[in-house]
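> Right, I'll just put the structure down here and ask away after.
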Amino acid sequence: MLVEMIEKQIFLINLENMDIADVMFGQEDRAEDYDEKLEDSMHLKKLLEHEKLELSKLDASKAIVSYKNRILSIKLEENNTEYKLSMLEFLDYPKYKKITGYFLGPVHVILKDVSEQIGGIIDKNYGFKFMITIEV
């Protein structure tokens, strides 16, 4: 039952959080790297290229999820890099604790339904979302 609950969750990897207000006023070091004319998807594509990732190749790829030091993380097989992992939907603490408790040891998973995730009004988050299937 817990595995089913986990496999229904949408997970998220954020590659960048851009504070648009800082960019507009040139108060952030990364402001000069941000091209306002560049569409959000193109900006995300550049971030993915920098990480040596392609959304199409991530679908059905393998990874390892673990929860240690109060951080849920995922190590992608695609580029052998570990990222902080969050869930798209806000979960109450008991449900969050139950889900993260499942990953106290490394758990092998397969990514599915991978797609871009760009969100925010004042801040823009650039990343990708996906679901997982737990390998048994």
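> Measuring from label point to label point, each 7 Å out along Cα→Cβ, what is the V136 to E49 span in nm?
4.2
> Okay, moving on. Could you list the residues of segment 86-121 with an amide nitrogen less than 19 Å from a label point located 7 Å from the Cα of E4 in the Cα-to-C-beta direction?
95-96, 98-100, 102
> Give me the extension gain from E77 to K95: residue separation times 0.36 nm, minus the current Cα-Cα distance, reported in nm with one decimal.
That pair, E77 and K95, stretches by 3.7 nm at full extension.
Values quoted throughout were computed directly from the atomic coordinates according to the rules given, and no laboratory measurement underlies them. In this text, all values refer to a predicted model and were calculated from it rather than measured experimentally. Glycine gets a Cβ as well: all are built from the backbone with ideal geometry, and neighbour counts include every protein chain shown.
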